[in-house]
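Heads up, the thing below is written out as structure tokens.
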């Protein structure tokens, strides 16, 4: 399928817009990935800090500086008082999922082994499992408050030298909201960009395609023999102007070709007329010669029969007129001579 220049330019503009949208979307995904990675790194770093605090007190117990009970109490108090981010906190359980530390002190002492989120994820079992394996992330759904719907949350858990699971988590629904906002911004920018491209590109495309269409029509008319029309676009200082000058050269070439064709036709017609005139002259000469021959034959026939009164009275061609005069004079002289002889003979007889 052949595409016009306007459509090709339109496809270029569309491709540019789609490429811009694709880049914006890619940047939005990259931003989401970057923020998610930062959140994950933050959670891991904070938990490792809390684990190091717990291990410090564990080492004090091992060194005999503190009793285990006192060390655990101080460690829990120290870790539990830490806040980071937007008021985010730590929680800790033993490996049976009994809560040892939580910002909500009413939860301390309760067992959460069977607690699961809206999707059926037994999150404390996974948190403990990740902690036992050296530390890891757990994704689950959890409400921001008891009267709100569960939203995405990400937690990191690890285990200190005591058989605890220390973890912390942050909500990640804001990342999705940010990502959605960025996508909407990208879509809005795409439409604004496309409208701007259309506003600029459409007149530009028409400024290119319309003169080319006009010149195409002009060339067809010139090819059909119309060389009186003017060439649009002459005088422009761009490629369209150069094309117009080329069409003007084509027009002048067509004019010259038509002139030579007319000259050749006139020459041919003149040659035909010359041949016709020559044929007419030759035909006339042949007719004059035929008339002369007929007159001479007739005159000589009558002369041979003794008719000395014969004269060529036919109208002959001017070039044969001396022959007629000469013949008539000769016959007149012959008639006179014979008449004289006859008179002499009669005189002798008498």
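The values are calculated or read from the model by the stated rules, or taken from the named source; none is laboratory data. As the structure is a prediction and not an experimental result, all values here were calculated from the model. Positions of Cβ are backbone-derived with ideal geometry, glycine not excepted, and every protein chain shown enters the neighbour counts.
Working carefully through the options 177, 131, find the one that is assigned to a helix (DSSP H, G or I) and within 28 Å of residue 59 (Cβ to Cβ).
Residue meeting the stated conditions: 131.
For the range 73-109, which positions are in a strand (DSSP E or B) and touching a strand residue (DSSP E or B) at 6+ places or on another chain (Cβ under 7 Å)?
The answer is 88, 90, 91, 92, 93, 94, 98, 99, 100, 101.
Are any of the residues in the range 151-174 assigned to a loop (DSSP other than H, G, I, E, B), buried (at least 16 other Cβ atoms within 10 Å of the Cβ) and within 48 Å of the chain's Cα centre (by Cα)?
Checking the range 151-174: at least one residue is assigned to a loop (DSSP other than H, G, I, E, B), buried (at least 16 other Cβ atoms within 10 Å of the Cβ) and within 48 Å of the chain's Cα centre (by Cα).
List the number of the failed condition for residue 147; all other conditions in (1) at pLDDT 85 or above; (2) under 26 Å from residue 79 (Cβ atoms); (3) not in a strand (DSSP E or B) hold.
With (1) at pLDDT 85 or above; (2) under 26 Å from residue 79 (Cβ atoms); (3) not in a strand (DSSP E or B) applied to residue 147, the lone miss is (2).
Could you tell me which of the residues 233, 225 is at pLDDT below 80, closer than 25 Å to residue 7 by Cα and assigned to a loop (DSSP other than H, G, I, E, B)?
Within the list 233, 225, the selection yields 233.
Can residue 44 be described as buried (at least 16 other Cβ atoms within 10 Å of the Cβ) and within 60 Å of the chain's Cα centre (by Cα)?
yes
Any idea which residue in the range 237-274 is surrounded by the most Cβ atoms within 10 Å (Cβ to Cβ), counting only those that are closer than 30 Å to residue 204 by Cα and in contact with a helix residue (DSSP H, G or I) (Cβ under 7 Å, 6 or more places away or on another chain)?
Residue satisfying both the conditions and the ranking: 244.
Against the condition touching a residue at least 12 places away in the same chain (Cβ under 8 Å), outside the structural domain of residue 100 (by TED's automatic domain parsing) and crowded, with 16+ Cβ neighbours inside 10 Å, how does residue 205 come out, does it pass?
yes
Which of the residues spanning the range 62-77 are at positive phi and either surrounded by 13 or more Cβ atoms within 10 Å (Cβ to Cβ) or at pLDDT 95 or above (or both)?
none
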